[in-house]
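Have a look at the structure below before the remarks.
Readers should treat all values here as calculations from the given coordinates under stated rules, not as data from a laboratory. Since this is a predicted model, take the numbers as computed values, not measurements. Note that each Cβ is placed from the backbone with ideal geometry, even for glycine, and that neighbours are counted across all protein chains shown.
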Amino acid sequence: MIFSHKTRYAVDTLGAEVLRQVAAPVTEINDEIRSLAKSMTDTMNVFDGIGLAAPQVGHSIRMVVLGVPMDAMSNPPSPGEAELLPRMPLVLINPEIISAGEEFSERDEGCLSVPDIFAPVLRPERIVFRAQTLDGVEISAECGGLLARCIQHELDHLDGKLFVDRVLPGEKKQIESAMRRLEKFGSKHHYKRVCTR
Ligand code: ZN
């Protein structure tokens, strides 16, 4: 009987067309959007992610969920981390980066859509972003640390970009064969990874 209550969660993987599309703005926060936000949050948690963008679950719209853990808070925290990490998981609708700082940092990234591949990506250390929450409230914050990186990674998804596109050429060579294997595997399995819980 227990088995009949299982839910199937799926994430689109490298090779899926939806990951390469520029996503459309959300025009109205309705029940459909709220229900998608809920299933995206569940999917992120099931796969142990810290962020997930709507295109990764097959919806080409500008919405992301973040689940950056409290223990990732910088010391001292940026204003955005102090304000937003206690509110995770957090849904961002039509998020935009308004400005980025001039300092860059490099850190290994991974992605639920690019399983088992990790590589360093250079990104601005601090950003200011704005978005709407699921309640339609406009928020804006200056963020650093893992939160700033995660927001940049998730917003890339909304423009059809993946972190592997940003890996520097020297490092890229090391992941190319793994990426090819992943795309080959994906073409057999419809570019989806599935988890049933
Ligand atoms: Zn990703």
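Counted residue by residue at 0.36 nm each, then reduced by the alpha carbon distance between them, the extension gain from LYS161 to LYS173 reaches 2.5 nm. For the stretch 189-195, 3J(HN,Hα) computed residue by residue from phi via the Karplus equation (6.51, -1.76, 1.60; θ = phi - 60°) reads 10, 6, 6, 9, 10, 10, 9 Hz, glycine and proline entered as x. Phi angles of the stretch 83-89 translate, via the Karplus equation with coefficients 6.51, -1.76, 1.60 and θ = phi - 60°, into HN-Hα couplings of 7, 9, 4, x, 9, 6, x Hz per residue; Gly and Pro are given as x.
Restricting the stretch 50-142 to chymotrypsin sites (Phe, Trp or Tyr not before Pro) that sit in a DSSP loop and have at most 16 other Cβ atoms within 10 Å of their own Cβ leaves PHE118. The orientation-averaged shadow of the Cα convex hull for the stretch 40-84, equal to a quarter of the hull surface, comes to 3.6 nm².
In summary, the aspartates and glutamates within cross-link reach of LYS192, defined as a Cα separation below 15 angstrom excluding same-chain residues under 8 places away, comprise ASP12, GLU17, ASP116, GLU183. Using the rule -39500 (n - 2.57) for each DSSP H run of four or more residues, divided by the residues of the chain, the 222 nm mean residue ellipticity is -9500 deg cm²/dmol. Among VAL121, VAL26, VAL64, the largest mean-square fluctuation in a Gaussian network model of the chain (Cα springs under 10 Å) belongs to VAL26.
With θ taken as phi - 60° and the Karplus curve 6.51 cos²θ - 1.76 cosθ + 1.60 applied, the whole-hertz 3J(HN,Hα) list for the stretch 73-82 is 4, 5, 10, x, x, 6, x, x, 5, 4 Hz, x standing for glycine and proline. At q = 0.12, 0.20, 0.21 Å⁻¹, what is the log10 ratio I(q)/I(0) for the stretch 51-167, with the Debye formula run over Cα points and no solvent? Listed by q, the Debye log ratios stand at -0.38, -1.15, -1.28.
Among ILE98, LEU146, GLY170, whose Cα sits farthest toward the positive end of the charge dipole of the stretch 55-197 (+1 at Cβ of Lys/Arg, -1 at Cβ of Asp/Glu, about the Cα centre)? Selected residue: GLY170. Using only side-chain charges placed at the Cβ, +1 for Lys and Arg and -1 for Asp and Glu, the dipole size of the chain relative to its Cα centre rounds to 940 debye.
Hand me the GluC sites (Glu not before Pro) from the stretch 2-59 located in a DSSP loop with no more than 16 other Cβ atoms within 10 Å, in residue order please. The qualifying sites are GLU28. Under 16 Å of direct C-alpha separation, and excluding same-chain neighbours fewer than eight residues apart, LYS161 reaches these lysines: LYS172. In whole percents, the pair-distance distribution calculated for the chain from its alpha-carbon pairs, binned every 10 Å from zero, is 9, 35, 37, 16, 2, 0. Compared with the direct C-alpha span, the chain from THR133 to THR196 gains 19.8 nm at full extension, assuming 0.36 nm per residue.
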